[in-house]
Structures are given as C-alpha cells and as structure tokens.
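To start, the structure itself, in structure tokens.
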Amino acid sequence: MTTILGIETSCDDTAAAVVSDGRIMRSNIVSSQTDLHAQFGGVFPEVASRAHVESISGIVNLALAEAGVSCEALDAIAVTQGPGLIGSLLVGINFAKGLALAADLPLLGINHLEGHIYSLWLTPDYREIEFPVLVLIVSGGHTELILMRGHGCYRRLGSTLDDAAGEAFDKVGRLLGLPFPGGPAIERTAITGDANAYDFPRARLEDSFDFSFSGLKTAVMREATVQPADRGHRGRGVEKRAKLRDDVNISDVAAAFQDALVDALVIKTVAAVERFGAREILLCGGVSANTLLREKLSAAANLPLRYPPLALCTDNAAMIAAAAHFRLREGLRSSLDFEARASWPLSENTYAD
Ligand code: KG4
Ligand code: ZN
C-alpha cells in the first residue's frame, strides 16, 4: 500500500489529507478562509497567505493524527505547485519541502487541475474509469475541457477566453448583492426564480471548444443594474460599482444567469464528446457542485457522467495526494528546489502517451 500526505494552499483554503493507493481517503482536513474574505467580496491574496502561515502546521498535524499515520509511515509528500496565488502556494510548498527533507521522503509538486481530476478517484462507490474520458474542469480560476486518454495523458481542447465559470458566478453574485462565494449563493437564490424571465446569451464561438462568459456578465449587468456608463463610469471592474435597479427580481436574474451559463458549458462538452468519442464524462472543480449543471449535462450527454462528492468538489488536499499516487507509480518525483507556478497549463503535466 502507498500512503501519501497531500498539502494544498493554492488559493484561500488551507488543506491537508492522507490518501492510500490514490483511492482510500484516510483523512481530509480543510480550513476554509471564506469568512475572512467575505468582507472583500473575493479572495484577498495577502490575507490568504497570512492565514495559510497561521494554520498550515496545525492542519497537517491534524490530517496525520486523524489518519493515525506518522511521518515514518508515509511513502511520499505531495503539494500543489500551481496554478494559484504565488504567496499562498509558497506557504504549502515550503512547508512540504521542509517536511520531506526532515523525514527523508520523496516530494511531488502537483498541478492543481490534475488534482481536481483525481478527486473522481476518491468517490466512495468508485468503479474503474474507462478511458478515453472527457474532463470538464470548472472552478473559480479555470474552465477547461480536457481529453484524457489515460493516467497522465492530457490534451486541452478548450478553455475560457475571459472569466472562469466560478468567477462569473462570483462576479454576478456580487452584482446581485449576494454573499461570497457567488456560486452557492446564486444556486440557492435561483430556486425560487424563473429561468425564462430573461433570455441571456449562450456564447457559441463556432468551431471552437473555448468558452466566454464576459458577454453573459455584461448582459446581466445591463438588465439588472442602473448602468455605470449612465452614471459616468466606464472600463474594467464596473460591476463592482454597478447599482442594482429597484424593480429587479434577484431570484429571476439568478435563475436565468445560471441557466445560460450551464447551457454554455453543456453545449461545448457534448460537442467535444461527439467529436472525440469519449467513453465517460468527468465533471470536477468547485462549480461541479452545481445541481443544475449536473442534471443538464447528464441529460444532454448519452454517456456516464461522474462528479465528486460535494466535499471534494471544492479545493482539498485529498485530490492532490490522489493525483500524486499515479505519478509516484510511474517513478516520478520532484526535485527539492522546484518553484511555485502562478499559471501552469495542464497539458505541460502530461507524463504518458
Ligand atoms: O475549485 P474551487 O474550490 O477553487 C478554485 O480552484 O477556484 O472553486 C471555487 C468556485 C467559486 O467560484 C464558487 O463560486 C464556485 O466554485 N462554486 C459554485 C458552487 N459551489 C462553489 N458555483 C456554482 N454552484 C455551486 N453550487
Ligand atoms: Zn480548485
């Protein structure tokens, strides 16, 4: 049995977990900073890295204790190397390097996106995944369509040209005066809304598997707010200053926005399935917690659809340890002087044909 300690600090969650054989979760601790960032309406990098520094040691110790595993019983340490906020990444990386050096253990720097994919290997009712699979990663920082032909074999088919899906949820949530993060808040608010109340655009970018959500965000702004341009504001970030119209029904806007965004994701994913002949669809990342997305994708694609249990949709360290298991199995490991990477395309992490 191979047992790996995973550490994840790429954004605003400090997380550590112990996973055996890439499948068996022995502990999974996540210390969320959401309340800390809610006052800013988004993640504040400096605040995030300070909070990581304060909690990393306690979280790692808790993960080991809960798993009933000592450092000597570990086979390796895995840590998120990127993409993410540099200041946040560095806290986890430096801690992992110190631990690996002290305990004389192999260290693996893992791509956060590869981690999200391997959250699918941690489902309680796991049965063997049949490659090739089409992966839709939808999170606060990423929207990627990946063709995965086997372990460590990634081909990017498309990604977002502007906002990530979760980012669009967060921005529209802020616009509607909902709490951060916007995704779960919009989903809750949309329950009582009418998705047909507005006809928001589903960007289609013909002959491409790329996504674009800025047009949708602008359309929501136009319908729901007193336009900043009318009030003398122009340029980026206007949604932060936009004022909600008095007569707007927030539930209807939330429902129509969610419906349009989900449709855009589903249309591209189904087109990619048809083009590349995938046998299954893997949905992962924070936005994969969205029920409408799960339902619509499942209905539209004539294929098995997998998504992680709710606790593993958003950032966690179990997924990092799981991804590391399959790399370690191939004899891969990182040198102790690797650097954090703010951006890091998953295709660069391909280690098998
Ligand atoms: O994967 P994640 O925890 O962090 C990143 O790597 O970005 O994803 C966080 C994102 C946030 O933008 C949040 O609004 C979104 O996932 N999210 C959701 C839901 N739960 C979280 N979006 C839509 N519906 C949800 N239920
Ligand atoms: Zn993530």
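The values are calculated or read from the model by the stated rules, or taken from the named source; none is laboratory data. Fair warning: this is a prediction, and the values are worked out from it, not measured in the lab. No Cβ is skipped: glycine too gets one built from the backbone with ideal geometry, and neighbour counts run over all protein chains shown. Keep in mind that these areas ignore ligands, DNA and RNA; they rest on the heavy atoms of the full protein, side chains included. Shrake-Rupley method; radii C 1.70, N 1.55, O 1.52, S 1.80 Å.
Starting from the Cα gyration tensor of the range 9-61, take the square roots of the eigenvalues, sort them a ≥ b ≥ c, and report rounded, prolate or oblate (rounded when a/c is under 1.5, otherwise prolate if a/b is larger than b/c, else oblate). It comes out prolate by the Cα gyration axes. Percent of alpha carbon pairs in the range 74-147 separated by more than 16 Å? Summing the P(r) of the range 74-147 above 16 Å gives 60 percent of all pairs. Entry comment: accessible area of the chain is 42 Å² per residue, from protein heavy atoms only and a probe of 1.4 Å.
Which residues in the range 1-23 have a backbone N closer than 13 Å to a point placed 7 Å from the Cα of Ala73 along the Cα-to-Cβ line? It comes to 1-5, 18-20, nothing else.
Entry note, the chain: relative contact order of 26 percent, from Cα contacts under 8 Å with a spacing of 6+ residues. For the chain, the membrane-span-like helix rule (DSSP H, alpha carbon extent of at least 24 Å along the helix axis, mean Kyte-Doolittle at least -1.0) picks out 45-67, 86-103, 250-276; this says nothing about an actual membrane.
For the range 133-307, the relative contact order works out to 29 percent when only alpha carbon pairs closer than 8 Å and six or more residues apart are counted. With a Cα cut-off of under 14 Å and a minimum spacing of 8 residues unless on different chains, the lysine pairs in the range 133-307 number 5.
Rounded to two decimals, the Cα radius of gyration of the chain over 2.2 N^0.38 Å is 1.00.
If you plug the beta carbon distance of Ser57 and Asp337 into 1/(1 + (r/R0)^6) with R0 = 22 Å, you get a FRET efficiency near 0.50. Most simply put, the chain has about 65% antiparallel DSSP beta bridges, counting only bridges with both residues inside it. Note on Ser347 and Asp246: with the Förster distance fixed at 56 Å, the Cβ-Cβ geometry gives a FRET efficiency of about 0.70. Quick one: with all protein chains in place, what share of the accessible area of the chain is carbon or sulfur, to the nearest percent (1.4 Å probe)? The computed percentage sits at 48.
Helix content alone sets the calculated 222 nm mean residue ellipticity of the chain: runs of n ≥ 4 DSSP H residues at -39500 (n - 2.57) each, divided across all residues, give -12500 deg cm²/dmol.
Computed extension length for Arg127-Asp35: 29.5 nm, one decimal, from 0.36 nm per residue of separation with the Cα-Cα distance subtracted. Using Cα-only point scatterers and the Debye equation, what is log10 of I(q)/I(0) for the range 133-307 at each q in 0.17 Å⁻¹, rounded to two decimals? At q = 0.17 Å⁻¹ the computed log10 ratios are -0.99.
At what distance in nm do the modelled label points of Glu206 and Thr2 sit from each other, each positioned 7 Å from its Cα along Cα→Cβ? Reported label-point gap for Glu206 and Thr2 is 4.7 nm.
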